[in-house]
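Report on the structure given below.
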Amino acid sequence: DSYPYSGTGYRDAESRALRYGILAAVGESNHPAAEWFLEEVAQSYYESQGTKFAAFDALGRIKGVSAYEKLVMLYASSKEDVKAQAVLLRAIGRHQTPAAWRFVEPILRQADPLLVGAAISASQSIVAKYGWQGALDEALPVRLEVGDALLSLLPRANEVLADRVVEAISAMGDSGVAKRVEELLARQDLKELERRRFQRVQARLALALSR
């Protein structure tokens, strides 16, 4: 018996959704062969781009150094494919460790807006309130480093990326970052655009910290 698709017009879309769902489930399965299987799919010459991207994403769901290193290797081998690198960056961000942050941080300073946007998302994931995988005493320093890096990016970002930065910083809800914003707003040499953006961050952080 074959899978009962809703109709012939939906067959391709439903087949893709099913395939992607299976890959995501493999990534969360804790099966000993999951990492190997997803790496095979990610490196296959015969799979579609969408299937490979789903495999990248699923690898990000597997915790541990080995899966992280595979994602870094895939990133390096995808240097001619910015879209693939963007997906891989988001997957790397799910590995909430200092190593993941060290990998992502320099990409925030790159020129390609697609990669910078993905690095912003990855940074937000790395310092999410739940799921930290590094040593506990490393969590706070990394959060402050991420906050500083995003605040440094904010003045020079285009409007779309600036909105992403504001969202990422406010999602952190970190009092240390809020203090850093206060210090920045106290500077007399801020340009008007910079001041408005920092004020937006300050207002969003205040709301987040009040909850």
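The values are calculated or read from the model by the stated rules, or taken from the named source; none is laboratory data. It should be emphasised that the depicted structure is a prediction, and the values quoted were computed from it without experimental measurement. In this analysis, Cβ positions are derived from the backbone assuming ideal geometry, glycine residues included, and neighbour counts consider all displayed protein chains. In case anyone asks, the SASA skips ligands and DNA or RNA and just uses the protein heavy atoms, side chains included. Shrake-Rupley method; radii C 1.70, N 1.55, O 1.52, S 1.80 Å.
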Discussion item. Starting from a Cα-only point model with no solvent, please compute log10 I(q)/I(0) by Debye for the stretch 106-182 at q = 0.14 1/Å.
Written reply: -0.41
Response to the item:
Rounded to the nearest 10, the angle in degrees between the Cα long axis of helix 136-153 and the longest principal axis of the Cα atoms of the chain comes to 70
Fill in: Cα-based helix-to-principal-axis angle, 49-59 vs the chain, degrees rounded to 10
70
Worksheet item: Using 1/(1 + (r/R0)^6) with R0 = 35 angstrom and r between the beta carbons of Ala24 and Lys179, what's the FRET efficiency to the nearest 0.05?
Response: 0.35
Worksheet item: Size of the stretch 57-139 along its principal axes in angstrom, Cα-based, largest extent first?
Response: 36, 23, 16
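Might you tell me the accessible area per residue for the chain, computed with a 1.4 Å probe and given in Å²? Before the final figure, lay out the partial values.
Numbers: 11790 Å² over 211 residues.
Ligands and nucleic acids excluded, the figure is 56 Å² per residue.
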Worksheet item: Over the stretch 146-211, how many percent of alpha carbon pairs lie in each 10 Å bin up to the one with the longest distance?
Response: 23, 61, 16, 0
Worksheet item: Build a GNM of the chain with springs between Cα atoms under 10 Å: which of Val65, Val165, Val41 gets the top mean-square fluctuation?
Response: Val65
Response to the item:
Per 5 angstrom bin, beginning at 0 and ending with the bin that holds the maximum distance, the Cα pairs of the stretch 72-211 fall in percents of 2, 11, 21, 22, 19, 14, 7, 4, 1, 0
Fill in: Debye-sum result for the stretch 23-90 in log10 I(q)/I(0), which assumes one identical scatterer on each alpha carbon, at q = 0.17, 0.21, 0.24 Å⁻¹
-0.50, -0.78, -1.02
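Restrict the search to the stretch 8-85; then list the chymotrypsin sites (Phe, Trp or Tyr not before Pro) that DSSP places in a loop and that have at most 12 other Cβ atoms within 10 Å of their Cβ.
On the way: sites: Tyr10, Tyr20, Trp36, Phe37, Tyr45, Tyr46, Phe53, Phe56, Tyr68, Tyr75; in loops: Tyr45, Tyr46.
Listed in order of number, the matching sites are Tyr45, Tyr46.
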Practice prompt. Round to the nearest 10 and give me the degree value, 0 to 90, for the angle of helix 192-210's Cα axis relative to the longest principal axis of the chain.
Written response: 70
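Roughly to the nearest percent, how much of the accessible area of the stretch 132-211 is carbon and sulfur, given a 1.4 Å probe? Intermediate results must be reported in sequence, preceding the final value.
Numbers: 2360 of 4530 Å².
Here carbon and sulfur together make up 52 percent of the probe-accessible area.
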Practice prompt. Identify the trypsin sites (Lys or Arg not before Pro) of the stretch 117-156 meeting these criteria: DSSP loop state and at most 11 other C-beta atoms within 10 Å of the C-beta.
Written response: Lys129
Worksheet item: Once the dipole of the chain is set up with Lys and Arg at +1 and Asp and Glu at -1 on Cβ about the Cα centre, which of Pro155, Pro32, Gln96 lies farthest towards its positive end?
Response: Pro155
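Quick one: work out Rg over Rh on the C-alpha atoms of the stretch 1-144, Rh as Kirkwood radius. Intermediate values should be presented prior to the final figure.
Numbers: Rg = 16.4 Å, Rh = 16.0 Å.
That ratio equals 1.02.
Under a point-charge model restricted to the Cβ atoms of Lys and Arg (+1) and Asp and Glu (-1), what is the dipole moment magnitude of the chain relative to its Cα centre, in debye to the nearest 20? Please list the in-between numbers first.
Working: 27 positive and 27 negative charges, 126 e Å.
The dipole magnitude comes to about 600 debye.
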Worksheet entry | the stretch 147-175 residues near the modelled Ala208 label - backbone nitrogen below 15 Å, point 7 Å along Cα→Cβ | 147-154, 162-175
